[in-house]
Structure formats: structure tokens, C-alpha cells
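Shown next, in C-alpha cells, is the structure this report addresses.
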There are 4 protein chains.
Amino acid sequence: MTAPTPNASTQAVSRMLQTHPRRAQVKYDPAALLECIDACFECAQVCTACADACLGESEHLVHLVHCITLNSTCADACLATGRALLRQTEPDEAVVRAQLQACLSACQACAAECEAHARNMNMQHCAVCAESCRRCEQSCQALLA
Amino acid sequence: MTAPTPNASTQAVSRMLQTHPRRAQVKYDPAALLECIDACFECAQVCTACADACLGESEHLVHLVHCITLNSTCADACLATGRALLRQTEPDEAVVRAQLQACLSACQACAAECEAHARNMNMQHCAVCAESCRRCEQSCQALLA
Amino acid sequence: MTAPTPNASTQAVSRMLQTHPRRAQVKYDPAALLECIDACFECAQVCTACADACLGESEHLVHLVHCITLNSTCADACLATGRALLRQTEPDEAVVRAQLQACLSACQACAAECEAHARNMNMQHCAVCAESCRRCEQSCQALLA
Amino acid sequence: MTAPTPNASTQAVSRMLQTHPRRAQVKYDPAALLECIDACFECAQVCTACADACLGESEHLVHLVHCITLNSTCADACLATGRALLRQTEPDEAVVRAQLQACLSACQACAAECEAHARNMNMQHCAVCAESCRRCEQSCQALLA
């Protein structure tokens with residue numbers, strides 16, 4: 001996993017963490033924290049887009065129903081997790097860990113489903129989605145380690 | 001835990017579950033599922049309101065910062081969980097269980113914090129919030145059992 | 001529009017508004033505010049459930065794609081609106097009004113789509129969803145008046 | 001407004017739009033659409049972080065309460081809008097426009113508040129937040145034009 005080239009969005013979130021009045025109390029490695037927040041919000045966007053792209057696959061739609069359900073639940077888990085990680089003023093570590101575990105589980109399941117559709121039905125949006133899910137899974141794993 | 005008297009909202013969600021084309025495949029006890037969905041959305045509302053009410057407690061605000069962070073993260077976890085439970089078309093059981101665990105953890109921590117503020121500072125909104133968090137914690141526990 | 005029989009959830013939110021330290025500054029009629037918050041969270045739940053129920057309608061699925069997109073976007077608008085209304089500590093009235101307008105627009109479009117499916121394809125979950133959308137549309141209209 | 005240098009997240013969302021089965025029916029200019037989605041999710045993250053950073057400003061906290069309320073409601077509006085824009089399979093144009101208007105209104109109010117705190121109290125996180133809010137406001141305006 002190579003680090004992302006910082007763009008406008010990542011830079012803005014990075015600057016928020018650097019100007020945070022409690023930055024000295026943050027428990028996580030700053031680079032790992034930023035990577036995980038970025039991966040969660042990327043995965044939330046990509047899963048929302050994949051559910052929608054699957055809906056647009058008229059011919060294959062009935063085979064993509066499980067994928068859409070996973071995409072939708074994964075997007076919600078990623079948003080809840082990314083937002084929990086952004087809150088560094090007196091957070092509860094156990095609560096954040098449990099949400100990271102839930103996110104990791106959702107990303108893992110969604111990646112596996114999307115990889116199957118990319119392989120078996122040549123679904124390109126599922127291939128992109130699987131990559132974002134794997135990136136997010138790994139970044140959650142890194143924070144949990 | 002007594003069942004809630006059904007109101008407009010609970011009745012509407014109940015009717016959605018009863019008219020769902022895949023209702024025969026739902027893995028959970030229907031009453032326990034409805035109770036947990038209702039508890040998640042109640043807790044999401046009440047935690048959002050408690051964070052806001054704490055913000056309005058000008059004199060005590062600095063002592064309520066941890067509570068506001070917990071309220072905010074608990075509200076997000078409850079929404080992600082309630083929405084995951086509403087999706088009964090080909091859900092992934094392990095993913096939903098991990099999200100239920102995260103919700104239970106958030107509700108437990110938020111309830112404990114709010115109970116302390118209700119007891120020590122006579123914060124009435126925290127007392128109400130603690131009740132909703134305990135209701136949600138118990139209903140997640142019931143689905144996980 | 002008859003007022004909902006208060007249940008556990010509505011009662012909890014009602015008690016949060018009654019114990020709010022800034023309750024004297026709230027601009028809205030308390031009953032209309034509570035009704036709109038309740039209607040937003042009901043509609044968010046019911047629209048999430050309707051998108052999922054539509055996904056489970058294997059035979060009719062291709063005809064329900066627009067409905068699923070509307071359900072999903074309406075659920076998100078209702079959550080954003082219900083949460084904005086729960087925040088009564090120094091809110092911005094113009095921002096809340098614009099979000100109420102967006103919610104009203106989403107509920108109106110989603111209700112019309114669901115009413116058509118209830119009428120033409122006898123989709124019972126769409127009939128329930130249309131009722132919740134109309135309730136929410138009317139309660140947004142009442143607050144905007 | 002210069003286009004952001006694409007990073008991992010923006011590239012992933014860009015590839016989702018490029019592989020979308022309904023990409024030929026998308027009503028918006030593709031670059032403007034991608035810019036607005038990216039700006040919405042950046043602003044949602046940055047506003048969530050700004051509310052949290054304000055909570056950590058123990059000495060100035062009572063003066064930042066309106067800012068925290070605006071940040072929270074702006075974050076929710078941005079998420080609802082970004083997700084609505086990601087759904088390009090049979091969307092409802094009027095619904096999306098109303099949500100864009102709500103987002104623009106929230107970003108405008110939040111930017112003005114944050115700019116005042118950056119200027120008067122030298123709040124660096126508010127300065128970063130104001131930039132993200134202005135970027136998002138402009139990208140909503142561009143799509144509405």
C-alpha cells in the first residue's frame with residue numbers, strides 16, 4: 001500500500017489535525033490516523049457509487065443485490081468510523097476500536113463480493129470498489145494493531 | 001425492558017418489515033428486530049439532542065466535553081446500526097454482528113458518562129439520554145445473543 | 001394530520017426538548033418541532049427499508065430503480081434535516097430552512113413515485129413509504145410556514 | 001478555484017464515475033461533478049474536525065458554541081449532498097438541486113462564522129474550515145448554474 005499523494009481534501013484534513021488544540025494527546029501515529037480517515041471517506045464514497053452503479057446494470061441487476069446491500073452497509077460503517085476518528089477531543093478508545101472492527105468487517109466482506117463480480121462478470125466499478133475496501137480494511141487493521 | 005407502545009413511527013417501520021418481500025428469510029425474531037431498530041433510531045436522536053443540550057450548558061460546558069464526543073460518536077454508530085438492520089435483502093450476518101457490537105460499546109460508554117452527569121450535576125437531559133442508551137445497549141445484546 | 005400517539009422514542013425526544021437548557025429560545029412551536037423531528041426520522045427509516053424491500057422484488061426490480069435512488073437520497077435528506085432540527089443551541093435559521101426545503105422536495109418526489117408503484121404494481125411497502133413521505137413533507141411545510 | 005491534484009480518494013471516485021454504466025446520461029459536466037463530490041466530502045470531514053477542535057479550545061469554548069452547531073449541521077448537509085451527487089442512476093434533478101441549495105446555504109454560513117473566529121481569535125482550524133466551506137459553496141454554485 002503506497003501512501004496517497006496528498007490532494008486538496010487530504011491536505012485540508014491533515015491541516016485540521018495539525019492545528020487541533022489537543023494534537024499532543026492523540027494516541028495514534030499521525031500518518032496512520034490520517035491514512036485511515038482518508039481511506040474511510042474514500043470507501044464511503046466509492047461504496048455509495050458502487051451501489052448506484054450496480055443499480056444501473058439492468059441486465060445483471062438481480063445478481064448484484066447482495067453487493068448493493070453490502071455496499072450500502074459498508075458506506076455507513078465507513079462514515080461512522082471516519083467521523084469517530086476525526087473526534088480527538090477526549091475520545092473513548094474502546095468505542096473507537098469497536099467501530100474500527102465493524103468497519104474492517106464490512107470492508108472485508110464488501111471487497112470479497114466486489115472482487116468476485118470484477119472477476120466473473122468483468123464489473124469495472126466493482127474492481128475499483130474492491131481496491132478502496134481493501135485500502136480501508138488495511139488502514140483499520142493498522143490502527144487496531 | 002417493556003415493549004414500547006407502538007406510535008406512528010414504530011408502526012410504519014413495523015409495516016415495512018411485514019410487507020418486505022424477503023420477510024420469510026429474516027434471521028431475527030421480528031419483535032426483537034423491530035425493538036432494536038427503534039432503539040437505535042431513538043438513541044441516535046437523543047444522543048444528537050444531548051450533545052446539543054450539553055453545548056447549551058454554558059456554566060458546565062468544559063466538564064461536558066467528553067460527553068459531547070461520546071454522544072456524537074454514539075449517534076453515528078446507532079444510525080449505521082439501525083440502517084444495517086433495516087436492510088433484510090441478502091444481508092451479511094457477520095458484518096451486522098460487528099456493527100451491533102460497535103453500537104453496544106458506544107451505548108454502554110455513553111450511558112455510563114451520562115449517568116454520572118445526571119447523578120453529580122443533576123443534568124436532566126443526560127438522565128434521559130442514559131435511559132435511551134441503556135435501552136439500545138440491551139436491544140443490541142438481545143440480537144447478538 | 002393527526003398527532004402520533006407518543007411511544008418510547010417520541011417520548012424520549014420530547015423529554016430531551018423539555019429539559020434543554022435553551023428551550024426558552026426555541027423559535028418553533030414545540031409540538032410542530034417534535035412532530036417534524038419524529039416525521040424526519042420515521043421517513044429516514046421507512047425510505048431505507050423501502051429501498052431494501054424494492055431490492056428484494058426480483059421480478060419487478062428493473063422498474064424500481066428510480067424508486068431506490070429516490071428512497072436513498074430522501075433518507076439522507078431526512079436524517080440531515082432531523083438532526084439539524086434537534087440542534088437548538090444557537091442554530092442558524094436560514095440554514096435550517098434551506099435544509100427543510102430540501103427535505104420537503106425529496107419527500108414530495110419520493111411520495112409521488114411510491115404512490116405510483118403502490119397503485120400500478122400493488123407494492124405494499126411503497127404504500128407505507130408514501131404515507132411516511134407525505135407526513136414528513138407536511139411537517140416540513142408546517143415549520144416553513 | 002484551481003482543480004485539486006488528484007490523490008488516491010479523488011482518483012477512486014473519478015474511476016467510479018468513468019466506469020458507471022449510466023455515465024452517458026449524466027447531466028453535469030464530469031469535472032464539475034467530481035469537484036463538487038470531492039468538495040462535499042472534504043467539507044464534511046473538515047467541519048466534523050472543526051466542531052471537535054472547537055470543543056478542545058477550553059478557554060474560548062463558550063464563544064464557539066454557534067460555530068460547533070453550524071459545523072455539525074454543515075457536515076450533515078455536505079454528506080447528504082455528496083451522496084446524492086454520487087447517485088447517477090435515474091436521479092431526480094429537482095431533489096438534487098434543492099439539496100445543493102441547502103448545502104450552499106450551510107457552507108456559506110459556516111464559512112462566515114469560521115472566518116470571523118480565524119480573524120478575531122486567530123483560530124487556525126477555523127481558517128482551514130472556512131477554506132473548505134468556501135470551496136464547497138463555490139462547487140455547489142457551479143453545479144446549480
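Computed from the coordinates by the stated procedures, all read-outs in this text should not be read as laboratory data. Owing to the predicted nature of the structure, the values given are computational and were not obtained by experimental measurement. Using ideal geometry, Cβ is built from the backbone for each residue, glycine included, and neighbour counts are taken over all protein chains shown.
Note on A:61-69: average number of Cβ atoms from other chains within 10 Å of each residue's Cβ is 5.
For the rotational copies B and C, the chain B residue with its Cβ nearest the relating axis, together with that separation in Å, is B:N7, 2.
Given +1 at the Cβ of Lys and Arg, -1 at the Cβ of Asp and Glu and no other charges, the dipole of the range C:97-141 around its Cα centre is 100 debye to the nearest 20.
Let a ≥ b ≥ c be the square roots of the eigenvalues of the Cα gyration tensor of the protein assembly as shown; is it rounded (a/c under 1.5), or, if not, prolate (a/b larger than b/c) or oblate? Rounded. Backbone phi angles across the range D:117-134, fed through the Karplus curve with coefficients 6.51, -1.76 and 1.60 (θ = phi - 60°), yield HN-Hα couplings of 5, 5, 6, 8, 10, 6, 7, 5, 5, 5, 5, 5, 4, 4, 4, 5, 5, 5 Hz in residue order; Gly and Pro are listed as x. When D:Q138 is represented by a point 7 angstrom out along its Cα-to-C-beta vector, the spacings to that point in the other copies are 3.4, 4.5, 5.4 nm, nearest first. Compactness check for the range C:11-145: Cα Rg over 2.2 N^0.38 Å is 1.11. Descending by average beta-carbon neighbour count within 10 Å, the peptides C:120-128, B:46-54 line up as B:46-54, C:120-128, the highest first.
Please report the spacing between the Cα centers of the range A:20-79 and the range B:12-51 in Å, no decimals. Cα centres, the range A:20-79 to the range B:12-51: 23 Å.
Label-point distances for A:A116 to the equivalent site in the other copies, using a point 7 angstrom along Cα→C-beta, read 3.4, 4.5, 5.5 nm when ranked shortest first. Taking every residue in A:91-101 and counting other chain Cβ atoms within 10 Å of its Cβ, the average works out to 6.
What you get for the range B:38-136, charging only the Cβ of Lys and Arg (+1) and of Asp and Glu (-1), is a dipole of about 140 debye around the Cα centre.
At 7 angstrom along the Cα-to-beta-carbon line, where would the label on C:V62 sit relative to the other copies? Give the distances in nm, shortest first. Label point to label point, same position, other copies: 1.0, 6.6, 6.6 nm. Farthest towards the positive end of the charge dipole of the range B:1-117, among the residues B:H66, B:T10, B:A44, is the Cα of B:T10, using unit charges on the Cβ of Lys, Arg, Asp and Glu.
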